[in-house]
1. Would you say residue A:199 is modelled with pLDDT of 95 or more, touching a helix residue (DSSP H, G or I) at 6+ places or on another chain (Cβ under 7 Å), open to solvent by less than 30 Å² (accessible area, probe 1.4 Å) and not assigned by TED's automatic domain parsing to the domain that holds residue A:123?
2. Select the helices (runs of 4 or more DSSP H) contained entirely in the stretch A:84-154, then report the ones holding at least 2 residues which are over 35 Å from the mean Cα position of the chain (by Cα) and away from RNA strand B (no atom under 11 Å from the Cβ).
3. Within the set of pairs 6+ apart or on separate chains, which have a first residue in the stretch A:457-477 that is outside the structural domain of residue A:307 (by TED's automatic domain parsing), a second that is open to solvent by 30 Å² or more (accessible area, probe 1.4 Å) and within 16 Å of RNA strand B (Cβ to nearest atom), and C-beta atoms under 6 Å apart?
4. Can you work out which of the residues in the stretch A:438-474 that are of a type in the set (S, T, N, Q) and not in a strand (DSSP E or B) is farthest from residue A:376 (Cα to Cα)?
5. Considering the stretch A:275-309 alone, what residues qualify as being open to solvent by less than 50 Å² (accessible area, probe 1.4 Å) and not in a helix (DSSP H, G or I)?
6. Identify, from the list A:468, A:450, A:477, the residue that is at positive phi and at pLDDT below 95.
7. Among the numbered criteria (1) at pLDDT 95 or above; (2) open to solvent by less than 20 Å² (accessible area, probe 1.4 Å); (3) near RNA strand B (Cβ under 8 Å from one of its atoms), which single criterion is violated by residue A:322?
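The values are calculated or read from the model by the stated rules, or taken from the named source; none is laboratory data. Keep in mind it's a predicted model, so treat the numbers as computed, not measured. Note that we place each Cβ from the backbone using ideal geometry, even for glycine, and neighbour counts take in every protein chain shown. Side chains are part of the model used for accessible areas, which takes the heavy atoms of the whole protein and leaves out ligands, DNA and RNA. Shrake-Rupley method; radii C 1.70, N 1.55, O 1.52, S 1.80 Å.
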Amino acid sequence: MEAVIQELESFAPEALSREKHKKIEGLKDLPGSTSKVVLRFAPNPNGPLTLGHSRGVVINSAYAEKYEGKVVLRFDDTDTRIKPPLIEAYDWIIEDYEWLAGKSPDVIIKASERMPVYLDHAEKMISEGYGYVCRCHVEEFRKFREQKKNCPCRENTISDNLDEWGAMISGKTSEGEAVVRVKTNMNLPNPALRDWPALRIQHTPHPLVGKKYNVWPLLDFQSAIEDHEQGITHIIRGKDLMDSTRKQSILYDHFGWNYPEPIYWGRVKVHEFGGFSTSGILSSINSGVFSGWEDPRLPTLRAFRRRGFDSQSLRELWREIGLTQKDISVSMQTLESFNSKILDPITERRSFVQGPIKLQISDEEIPQEVYCPLHPDGEIPGSRGWKMGNIVYIQADDLAPSVRLKDFADVKITETSLKIESEKRSDDRPIINWLPEQMARNAILVVPDGEKVNEVAGLVEDFNIEEGSIYQFERVGFAKVESVSEEIVRLIWLHK
RNA sequence: GCUCGUGUGGUGUAGUUCGGUCCAUCAUGACGGACUCUCGAUCCGUCGACCCGGGUUCAAAUCCCGGCACGAGCACCA
């Protein structure tokens, strides 16, 4: 054995120490041709972007950057009834996108302004005998689909279909009475693909184009046409849309187009939020459960921004998770950990005394000023100078006979008075945060707590408190200054 | 019911294409310690996983077969 080792050392020393496997970092390569990548992010503008959407923004913009490609932001606003577009949401989404991606989308389009394109393709499809107007009711058609039977409308002639189509687009046919289907095959093993619906009638006005159109495409049709029009090369979508890929591929075959490369991801849940949807949030806002889209309890990007999350933390989170088809459940802790790493070196420290009690210093000689560092590791040079008097505040729950007032002195507390024992740290008594009366301002710390929002009353250090800034409050955590007024400073909790 | 997809530590991920370099990577977490005038940061250490059962093979997280579990689609929503 010894001899073998010696011999190996002489001609192949690397064989003796094996290398540990390394984790491959970064996004996997996109499939197919990547010479000119065009991606798309297609939200429904029925609200601002949420944590769920952020994955799409991050992944698409990251791939666009990797391949020097483009991202099309497309508003899928073709439903005026169930998830009607919110007129303000278009701008919100662009704002949210820019905040997250760090740049504007390369192309911005609204499906509602592209209606002529979709209607033309629908008419073309019908006149080529590949689509038909179906007057069956939903339940009737469901039976045909289940039993693999053709519905009677399938046999209508092209000219009959074109007449029916004319009636649909002119508004003569009422909502719910007809739908345009793609003529696939009712014998297909996958029931989702059997003569799938492409366009339906909607007389509810659209917030942007009003009553201009009576017939609107469904997602699978609109998206299929538009992806081709925009030259999309890769579609990154949830795996719940796998059947969309299959439906649309059938249509692409008919039109003689090449389908983009589809890539799927699984469903994401966040421990702290569970499942949520934009329309669900909207109804909770309307019923008064939440104060608005920026309510700190909400997983909207606006709420995250308001609380002080750096968009970089979201980018890191989604890059780390990457693209897998697994259904996952992530914890906010992971996001917070990314955010802390970004924030810790660049945030100044301050003192926040929650539930304060007042103590009087009994010594005759009290220093006029106390200096605390802006950052303990010197990442931010300089210090905070505190004016001193004979009144100080500490947290009621820190009350103990001997404590150390951080960055100041070891003290002895009896009743409501306090005596300085040593400015130098003399033993291992607990270190607590505190404030002299001269530096204390009334403050409220708003802490989202599940369904509730707790308002913690306290005192905040009155040293260059800037509205909009994030500070790390010692022994508390990161919080953002939301507003500063004469009477009160409002802080919004971020995380530990 | 039909169709589709996914199963690696508490959580997330690498490795699976082309079996060996994997007693399985990295992050997060938990626990312990060092350091520190924050319960922050930093540093060190520990914990913990290949869904199950067969098969092929000298060798299986990786290939084959069969189970099981979970998720999704079958909307005139996106």
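1. In short, yes.
2. A:115-127
3. Qualifying pairs under 6 Å: A:458/A:354; A:459/A:356; A:459/A:393; A:470/A:480; A:471/A:348; A:477/A:496.
4. The selected residue is A:438.
5. A:290, A:292, A:293, A:295, A:296, A:297, A:298, A:299, A:300, A:308, A:309
6. A:450
7. All conditions are met except number (1).
Results for (1) touching a His at 6+ places or on another chain (Cβ under 7 Å); (2) at pLDDT 95 or above; (3) in the same structural domain as residue A:409 (by TED's automatic domain parsing), shown as yes or no for each residue.
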site	(1), (2), (3)
A:315	no, yes, no
A:331	yes, no, no
A:336	yes, yes, no
A:357	no, yes, yes
A:365	no, no, yes
A:385	no, yes, yes
A:390	no, no, yes
